[in-house]
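Structure first, then comments.
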Amino acid sequence: MLLCGSEFYLPGRLLDSYEGNNLYGQVEKHLNYLIAVDLDGTLFAPSGNVSKRTRMAIEDACSSGHQVVAVTGRSWRTAATRLKPVSGINRIICSNGAYEYRLDERRITWSCPVPGADATAWCNKIREHFPQASFGWESAEGLGYEAEFLVAAGDPDSLEQGGDAGLMAASPAYKIFIRTPKLARVELQQAVSDILGGRAEVTPSSAPFVEASLPGVNKATGLSRVANDLGFSSAHTMAFGDNLNDLPMLEWAGVSIAMGNAVEEVKSVSNRLTLSNSECGVAVFIEEFLAKGKL
C-alpha cells in the first residue's frame, strides 16, 4: 500500500460479493457514470487540498465521458476556492444538500433554505432544553456565529468564515449550526431531532456540533436532484464518502465507496472500499475503474 506520489496503488475492493448480480450495476465499457465526491476526508488530502494525482484522475474521468460533482457539508464560500484547481468539477452540492453552486456561473442555482422565523423558533426551542446551547448559521449573505459558539470553538479559524450573515431572523438560512457543552455528534443529533420533532433534518459529522436543515434536505436529496438534471439514475451513480453526513448519499448511490479512513458506519453501508484520503483513495478507485472499464 503506497502513497499518492507512487505509481502503484491498491485497487478498490468489494466489501461483499456481488458477482453475477446487477443490483449495483455491472459497468460496461463506455457506460457513463455520475461520480459524486465528498470533500473533507475524501477528495481533500489531510492538508485540505486536492492532490495532483486526484486532479488528474478526475480530469481523465471527465475526458472518458463521466461527470463529477462535489457533495459537501461546506459552504460554497470555502468549497469553491479549494476546488478551483480541479478543472473537472463545476457543480457543488453544498451545506449537506441545501443548495447547488456552479463554479462557471459563480452563483447558487437552486436552494432549500429554512425561513428565518423558523430558524429562530428552532433555536428557542432547543434553548428550552439546553440553556447553554449556542448557534451559527449560513445565509445567502454569508456565515455568522453567536459569540458563545466562537468561544466554544476555541479557534475561530477552525470554523468556516466568509460574508456577513447578519441576524439569524433577518433572512433564510441554508443550515443552522448547533452545539452544547455536554452533547456532541450522534448524541446531540438524536437530542435535537427529538426536540424539534421532525421539523428539521439534523446531521452530524466529524465536528463536535450538528447542523439542521429543512426536513428531507441531505446529501442524497441534493445529489438525486442534480443526477436527475444530468440524466443519471441512482444505479449509474457512484459516491465516495467518509463520515456520518455521507450516509444518505452512499445509501442512495448504486455504487458506494468508503474511504479507508471512513468511520465504521460508512464502511458498513458501502459496497466498495478504497484507500484513505492521505493515500489518494478517490484517484486510486477512479484509475482502476477507467483502466478496466468496469467494476
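The values are calculated or read from the model by the stated rules, or taken from the named source; none is laboratory data. All values reported here derive from a predicted model rather than from experimental measurement. Note that we place each Cβ from the backbone using ideal geometry, even for glycine, and neighbour counts take in every protein chain shown. Note: accessible area is taken over every heavy atom of the protein model, side chains too, but ligands, DNA and RNA are not part of it. Shrake-Rupley method; radii C 1.70, N 1.55, O 1.52, S 1.80 Å.
Listing for the model above:
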read-out: Order of exposure, largest accessible area first, which applies to 234, 75, 87, 64 with probe 1.4 Å; value: 87, 64, 234, 75
read-out: Förster radius 30 Å - calculated FRET efficiency between residue 170 and residue 105 (Cβ-Cβ, nearest 0.05); value: 0.70
read-out: Rounded to 5, percent antiparallel among DSSP beta bridges of segment 48-130; value: 75 percent
read-out: Largest-first principal axis extents, alpha carbons of segment 40-133, Å; value: 53, 29, 19
read-out: Heavy-atom surface of the chain, accessible at 1.4 Å and reported per residue (Å²); value: 44 Å²
read-out: Alpha carbon centroid spacing (whole Å) that separates segment 201-233 from segment 35-61; value: 20 Å
read-out: Integer Hz, Karplus 6.51/-1.76/1.60 couplings in order for segment 256-271, x for Gly and Pro; value: 10, 10, 8, 6, x, 8, 5, 5, 4, 4, 6, 4, 6, 9, 8, 9
read-out: Degrees between helix 185-196 axis and first principal axis of the chain (Cα, 0 to 90, nearest 10); value: 50 degrees
read-out: Rounded to the nearest 20 debye, dipole of the chain from Cβ charges on Lys, Arg, Asp, Glu; value: 380 debye
read-out: Values of log10 I(q)/I(0), in the order q = 0.07, 0.14, 0.15 Å⁻¹, for the chain under a Debye, Cα-only, solvent-free model; value: -0.26, -0.99, -1.12
read-out: Between segment 73-127 and segment 240-295, the alpha-carbon center distance in angstrom; value: 23 Å
read-out: Helix axis angle, 281-292 relative to the chain longest principal axis, alpha carbon, degrees; value: 30 degrees
read-out: Gain upon complete extension [residue 233, residue 49; 0.36 nm per residue less C-alpha separation]; value: 63.3 nm
read-out: Label point distance in nm, residue 87-residue 158, each placed 7 Å from Cα along Cα→Cβ; value: 3.8 nm
read-out: Segment 55-107 - percent of accessible surface contributed by carbon and sulfur, probe 1.4 Å; value: 42 percent
